[in-house]
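Enquirer: One structure is given below, represented as C-alpha cells, and several questions about it will come after.
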Amino acid sequence: MTTPLTMLELRLDPQALIRFAQGKGFNRNRDEDLGYATHAWLKALFQERSPKPYRFIHGTDPKLLGYSGESGQDLLEHAQTFANPLALGVTRIEDLHSAKVMPKEWRHGRRIGFEVMTCPTSRKGGHEKDLYHHRMERLDEGEQAPSRAHVYLDWLETQFNGAAQLETATLEKFRFVSHYRRGLDKKKLERPQALLKGVLIVTDSDAFNRLLARGIGRHRAFGYGMLLLRPA
C-alpha cells in the first residue's frame with residue numbers, strides 16, 4: 001500500500017534564513033543556490049522528518065515546496081515542540097495547516113505537465129561529474145556529439161524507471177552552480193543545474209507515487225529533484 005504523500009509550502013524570510021545560516025556558522029558565498037542553508041534549516045525545524053525532495057523558489061517572495069510522508073499537522077506539532085527557535089523565525093510555521101494530501105492513485109495513461117529542477121550528475125571513481133561531460137568522454141570514434149538537452153532528457157526518462165514515460169520535454173534553463181557542503185570547505189564544488197519541463201504519461205500508479213516521494217537524481221536533500229505537477 002502506498003504511503004500517503006503530503007505537499008507543503010512554506011514562505012520564507014530570506015534575511016532570517018541568512019541570519020540562521022550565519023548563526024550556525026555555514027553562511028558561505030559558495031552556497032550559491034542556498035542548498036546547504038535550506039537543508040540545514042529544514043533539519044533544525046524537523047530533524048529526521050525533513051521534507052525531501054523539496055524546491056526552493058527564489059524571487060521577491062521566496063518559498064519552499066516539499067513532499068513528505070508526514071501530515072502537515074504532524075510536522076507542525078513536531079516543529080512547535082522540537083524546532084530551533086531561530087529556525088522557526090525563518091517562516092510562518094502555521095502555514096503547515098494548509099499542507100495538502102496528494103492523490104493516492106493515478107489513472108494509467110493520464111497526461112500530466114511537470115517541471116523539475118535537477119542536478120544531472122554521475123559518480124565514477126569517487127568523483128561526481130556533469131552527465132554531459134561524462135557522455136562526451138565516452139563518444140565513439142566518428143560518433144556525432146549529442147546536445148546537452150538530449151543527454152539530460154535521456155537521463156530523465158531513465159529516472160522515471162517505468163513509473164511514467166515522456167511525451168514531450170525541454171531543457172528550459174541551465175547553468176553551473178557553486179555548491180557548499182560541510183566538511184568540504186577547501187574544495188570548490190561546481191555542479192550543473194538544469195530546469196526540465198514537459199508532459200509525462202503515467203504508466204504505473206504506485207511507481208509514480210514512489211517517484212514523487214523519492215524525487216529525481218542526486219542532491220535531493222539540497223533542493224533538487226522535486227517533480228512539480230500541472231494540468232497538461
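Enquirer: If you go through the stretch 79-88 one residue at a time, do you hit one that is within 17 Å of GLN193 (Cα to Cα) and among the aromatic types (Phe, Trp, Tyr)?
Expert: Looking for residues that are within 17 Å of GLN193 (Cα to Cα) and among the aromatic types (Phe, Trp, Tyr), one finds none in the stretch 79-88, hence no.
Enquirer: Output the number of residues of the stretch 99-129 satisfying the condition of being open to solvent by 30 Å² or more (accessible area, probe 1.4 Å) and either in contact with an Asp or Glu (Cβ under 7 Å, 6 or more places away or on another chain) or in a strand (DSSP E or B) (or both).
Expert: 10
Enquirer: Okay, moving on. Of the residues ARG175, ARG181, which single one is open to solvent by 50 Å² or more (accessible area, probe 1.4 Å) and closer than 21 Å to ARG55 by Cβ?
Expert: Of the residues listed, the single one that is open to solvent by 50 Å² or more (accessible area, probe 1.4 Å) and closer than 21 Å to ARG55 by Cβ is ARG175.
Enquirer: Among (1) open to solvent by less than 70 Å² (accessible area, probe 1.4 Å); (2) in contact (Cβ under 8 Å) with a residue 24 or more places away in the chain; (3) farther than 23 Å from ARG55 by Cβ, which single condition is MET136 missing?
Expert: The number of the failed condition is (2).
Enquirer: Restricting the search to the stretch 196-232, which residues are β-branched (Val, Ile, Thr) and exposed (fewer than 14 other Cβ atoms within 10 Å of the Cβ)?
Expert: Matches in the stretch 196-232: none.
Enquirer: Which of the residues that make up the stretch 58-68 are surrounded by fewer than 16 Cβ atoms within 10 Å (Cβ to Cβ) and modelled with pLDDT of 95 or more?
Expert: If the condition is that a residue be surrounded by fewer than 16 Cβ atoms within 10 Å (Cβ to Cβ) and modelled with pLDDT of 95 or more, then LYS63 is the only one that fits.
Enquirer: Another question about this same structure. Out of GLN159, GLN193, GLN165, GLN144, which single residue is polar (S, T, N, Q), buried (at least 16 other Cβ atoms within 10 Å of the Cβ) and not in a helix (DSSP H, G or I)?
Expert: Answer to the check: GLN193.
Enquirer: For the stretch 109-138, enumerate the residues that are at pLDDT 95 or above and farther than 21 Å from ILE216 by Cβ.
Expert: GLY109
Enquirer: Taking the criterion of being surrounded by fewer than 18 Cβ atoms within 10 Å (Cβ to Cβ), touching a helix residue (DSSP H, G or I) at 6+ places or on another chain (Cβ under 7 Å) and within 22 Å of LEU229 (Cα to Cα), would at least one residue in the stretch 32-45 satisfy it?
Expert: no
Enquirer: Identify the single condition in (1) on the phi > 0 side of the Ramachandran plot; (2) out of contact with any Ser or Thr (no Cβ under 7 Å at 6 or more places or on another chain) that PHE160 does not satisfy, given that it satisfies every other one.
Expert: If we test PHE160 against (1) on the phi > 0 side of the Ramachandran plot; (2) out of contact with any Ser or Thr (no Cβ under 7 Å at 6 or more places or on another chain), just (1) comes out false.
Enquirer: If you don't mind, another one. Just one of ALA194, ALA213, ALA207, ALA164 is at pLDDT 95 or above and touching a Cys at 6+ places or on another chain (Cβ under 9 Å); which is it?
Expert: The match here is ALA194.
The values are calculated or read from the model by the stated rules, or taken from the named source; none is laboratory data. Nothing here was measured: the structure is a model prediction, and the numbers come from that model. Don't worry about glycine lacking a Cβ; one is built from the backbone with ideal geometry, like all the others, and counts go over all protein chains shown. We work out accessible area using only protein heavy atoms, side chains counted, and drop any ligands, DNA or RNA first. Shrake-Rupley method; radii C 1.70, N 1.55, O 1.52, S 1.80 Å.
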